[in-house]
């Protein structure tokens, strides 16, 4: 692959509009200047970072060693029989061929 050839950037087709107060706009513009990017780039980068953090919180969690050991112990226990689940599993599925 030629290192001098840039890969095409994805076409930006979607728009996102927000309303702000003058004070909020000034703060965003000042922060963008400090980072040497446009206000639009600053808002996009900051929003994406915040979105990734929120989504990560929804899919990852951290445990101490003691909590991990307790969790593994619970997973290793034999499953308990739940009569309602056993009865439900014994029924024919409405999606199976008859």
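With respect to the stated conditions, residue 86 fails to be part of a loop (DSSP other than H, G, I, E, B), more than 30 Å from residue 27 (Cβ to Cβ) and without any contact (Cβ under 8 Å) to a residue 12 or more places away in the chain. From the list 28, 18, the one residue that fits, being surrounded by 10 or more Cβ atoms within 10 Å (Cβ to Cβ) and touching a helix residue (DSSP H, G or I) at 6+ places or on another chain (Cβ under 8 Å), is 28. Out of 54, 43, one residue alone is in contact (Cβ under 8 Å) with a residue 24 or more places away in the chain and under 20 Å from the mean Cα position of the chain (by Cα). It is 43. For residue 45, the test of being surrounded by fewer than 10 Cβ atoms within 10 Å (Cβ to Cβ) and modelled with pLDDT of 95 or more is failed.
The values are calculated or read from the model by the stated rules, or taken from the named source; none is laboratory data. Note that this is a predicted model, so its numbers are computed, not measured. Ideal geometry is used to build each Cβ from the backbone, glycine not excepted, and the neighbour counts take in all protein chains shown.
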